[in-house]
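Read through the structure below, which is laid out as C-alpha cells, and then see the notes.
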Amino acid sequence: MQRTLIIMKPDCVQRRLTGEVLRRFEAKGLKIVALKFLKVDRATGERHYAEHKGKPFFEGLLSFITSGPVGVGVLEGNDAIAVVRNMLGATNGASAAPGTIRGDFSISKQNNLVHGSDGGESAEREIALWFKPEELVSYEIAANDWVDAGV
C-alpha cells in the first residue's frame, strides 16, 4: 500500500467539486486515511511549494493556494501516487484527456483543481507537512478483496 497527498485547491472548493473529486478517488478503490478543510497561510504555502522558490510563477502559486479554503487529504492504495496522477490528467486542464479530473473540469494550468504528490519522496514530505502522524487513520474496508484482489 502506498499513500499520497491531495489538495483540492481553492478553485475546486469554490466550484463545489470536492465531493465529486473524492467520489472518483473512492470509486477507483483508493481509501481516504486523512482529510481536513482549511485556509492555507503563506508560510505553509511556501513550505509546500519550496522546490519552486525563485521561479517566475512562485508568487502566483502562493497567491492562488492562499486565496480561499482547500481540502487536504491522504489517499491510500496500490500504486496510489501513479493512480492519482493518472486520474488527475495533464497539469494544464486545456490539454488533459477527457475522463480525467482536469480533462473534465479544468481549462487552466494554474486553476487545475487538485494537487497530487509527484513521487514517493514528495508524498512523504507533503504528508508530514500537512498532517501529524496521529491524524492518519488506518482501517480495513470490507470490499477490499473485490477491489484489489490478485495485486
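Checking VAL70 against (1) surrounded by 13 or more Cβ atoms within 10 Å (Cβ to Cβ); (2) within 24 Å of ALA143 (Cα to Cα): exactly one of these is not met. Which one? Answer for VAL70: the failing condition is (2).
Looking across region 21-67 at every residue that is out of contact with any Asp or Glu (no Cβ under 8 Å at 6 or more places or on another chain) and small (Gly, Ala, Ser), the one that is surrounded by the most Cβ atoms within 10 Å (Cβ to Cβ) is identified as GLY45. Of the numbered criteria (1) without any contact (Cβ under 8 Å) to a residue 60 or more places away in the chain; (2) within 30 Å of ALA143 (Cα to Cα); (3) in contact with a strand residue (DSSP E or B) (Cβ under 8 Å, 6 or more places away or on another chain), the one CYS12 fails is (1).
Scanning region 86-144 for residues that are in contact (Cβ under 8 Å) with a residue 40 or more places away in the chain, of a type outside the set (A, V, I, L, M, F, W, C) and in contact with a Ser or Thr (Cβ under 7 Å, 6 or more places away or on another chain) yields ASN112, GLY116, SER117, GLU126.
FYI, it's all coordinate maths here, none of it is from the lab. Computed from a predicted model, the values in this text were never measured in an experiment. Ideal geometry is used to build each Cβ from the backbone, glycine not excepted, and the neighbour counts take in all protein chains shown.
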